[in-house]
Amino acid sequence: MADTEDLLAAWSERSGGEAEAWARTRTGPSLESVAARISRVPQEFLDERVSLRALAGDVLGAQIVASGFDDDPRVRQGAAIGLWLVAAEGLLEPLDPPLSTGSTALAVDALALRVAPVSSPSEWTSDDERRTEAARSFLLWCGFLPAGEDAETAASLLAACDSLARNRALAEAYEGHRHRADIARKLHEARRKEAAARYSSE
């Protein structure tokens, strides 16, 4: 399994930055329609025996950066779900507007390298919040805003369910607790030394 930081670093190199992504967005399909398709991903797409490179080639006619990390089950599943969203346009019916008019390969890489390392793809089909996070992320990197939302609203709603932001907040909170505990220990040690010095001088 790949290191999460390595996957996020690969995504950072691939993405070109979130501000630019929001600037490129235009009105897209409804969030509900994308989320519904995530919940119905066929087992064939999730089958680990299917080559991610072959699947990307069949669906996109091109390769994705995530293929370089296909030995990581999170990346494999995240990419497969993204590829299903693209393939469903031809297997079911196109969304309105069609996903094919957006940056589908970038959106697949976003699910595989940005979302999957911090939010298990196995939860996307069953957990509403994780599915919403995946759907919103896919739409953003495909170049779309969920129908009925402006960029500010969409960015705020994605930030509210972003697993990476939540993990970062927890890490910062832990670091704050750790720092305060370290200061308390140092103060206690300083008081102990001061008391010992005072006692020995008496």
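Numbers below:
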read-out	value
C-alpha center-to-center spacing [the stretch 86-131, the stretch 50-82] in angstrom	12
With Cα atoms, 0 to 90° folded angle of helix 163-201 axis to the chain main axis	10
Net charge, K186 excluded, C-beta distance under 12 Å - Lys, Arg +1, Asp, Glu -1	+3
Accessible area per residue, Å², the chain with all protein chains present, probe 1.4 Å	53
Net charge of Cβ neighbours under 14 Å - reference R49; Lys, Arg +1; Asp, Glu -1	-3
Degrees, to the nearest 10: 4-15 long Cα axis against longest axis of the chain	50
Expected 222 nm ellipticity per residue - DSSP helices of 4 or more, -39500 (n - 2.57), all of the chain, to 500	-20500 deg cm²/dmol
The chain - percent of accessible surface contributed by carbon and sulfur, probe 1.4 Å	52
Percentage relative contact order, the chain, counting C-alpha pairs under 8 Å, at least six apart	27
Net charge of Cβ neighbours under 14 Å - reference V75; Lys, Arg +1; Asp, Glu -1	-3
Entry for mean projected area of the Cα convex hull in nm² (calculated from the structure that is shown) out of [x] 14.8; [y] 13.7; [z] 11.0	[x]
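The values are calculated or read from the model by the stated rules, or taken from the named source; none is laboratory data. Bear in mind the structure is a predicted one, so any value in this text is a computation, not a measurement. Glycine also receives a Cβ, built like all others from the backbone with ideal geometry; neighbour counts cover every protein chain displayed. Surface areas here come from the heavy atoms of the whole protein model, side chains and all, with no ligands, DNA or RNA. Shrake-Rupley method; radii C 1.70, N 1.55, O 1.52, S 1.80 Å.
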